[in-house]
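Input: a single structure, listed below in structure tokens.
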Amino acid sequence: MNKIKVIALFGPSGCGKDTLLNYIVNKTGFNKIITTTTRPKREYEKEDVNYHFLTEEEFGLKVLDGTMLEATSFNNWFYGTARDDLKENNINIGVFNIHALECLLQDNNLDITPILIACEDKTRLMRSLNREDKPNCEEICRRFLSDSKDFNVDLDFDFYTYYNGNNVNLENFYLFLKEHSCLSRLDSSIKKTFHI
């Protein structure tokens, strides 16, 4: 049985994961994995573009009926990856937290390539503040402190690291994926579809 291919981006808030994700999806035609959540929508977010926004009851039903590949709770909100967000005949790419990634890595039906997106703290903080007209500084600080705890541990899985500094060059990320063979992990007929 062929495994479903997944490029899993992870890293602290403000490191540019979503910008890199959207660029690669637009450039390659890869399937964008959209996380499902119960948290409130932020002012700049769109339904079924940034997240699938569900009520707690809707989310719970998806967990109970087995349609969630993984689910976690963070800051009294639920997050997860729905099984039907993955496409078997495409390379899937998405943004994950560490817990979600650890769960997905244990799924024998998936072929996961984890990529840590790294960035300096000052750059991350400025990006987080500039995302919204009226940023919630308390929430940004909470996420910042939570990230420093989450990413100050040794991870028990192999991953690539991509540094996404101040001068973002999106084409460099594409070249990074190409160099690490992330863009050519399906059979040649599918690769031709994407002109890789």
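The values are calculated or read from the model by the stated rules, or taken from the named source; none is laboratory data. None of these values were measured; they are calculated from a predicted model. Note that we place each Cβ from the backbone using ideal geometry, even for glycine, and neighbour counts take in every protein chain shown.
Of the conditions (1) exposed (fewer than 14 other Cβ atoms within 10 Å of the Cβ); (2) farther than 19 Å from Asp18 by Cβ, Asn90 clears all except one; give me its number.
(1)
Of all residues in the range 85-100, how many are in contact with a Leu (Cβ under 9 Å, 6 or more places away or on another chain) and within 18 Å of Pro12 (Cα to Cα)?
6
Tell me yes or no: at least one residue of the range 66-84 is in contact with a Leu (Cβ under 7 Å, 6 or more places away or on another chain), buried (at least 17 other Cβ atoms within 10 Å of the Cβ) and either of a type in the set (D, E, K, R) or under 24 Å from Val168 (Cα atoms) (or both).
yes
Give Glu132, Glu139, Glu120, Glu171 a once-over and let me know the one that is within 24 Å of Thr81 (Cβ to Cβ), among the charged types (D, E, K, R) and surrounded by fewer than 16 Cβ atoms within 10 Å (Cβ to Cβ).
Sole residue among the options that is within 24 Å of Thr81 (Cβ to Cβ), among the charged types (D, E, K, R) and surrounded by fewer than 16 Cβ atoms within 10 Å (Cβ to Cβ): Glu139.
Could you identify the single residue in Thr55, Thr19, Thr37 that is at pLDDT below 95 and not hydrophobic (A, V, I, L, M, F, W, C)?
Thr19
State yes or no: is Thr28 in contact with a His (Cβ under 9 Å, 6 or more places away or on another chain), under 23 Å from Asn169 (Cα atoms) and of a type in the set (Val, Ile, Thr)?
yes
Take the range 1-49 and flag every residue that is in a loop (DSSP other than H, G, I, E, B) and surrounded by 17 or more Cβ atoms within 10 Å (Cβ to Cβ).
Gly11, Pro12, Ser13, Gly14, Cys15, Gly16, Phe30, Ile33, Ile34, Thr35, Thr38
Is there a residue being assigned to a helix (DSSP H, G or I) and assigned by TED's automatic domain parsing to the domain that holds Lys134 anywhere in the range 57-71?
no
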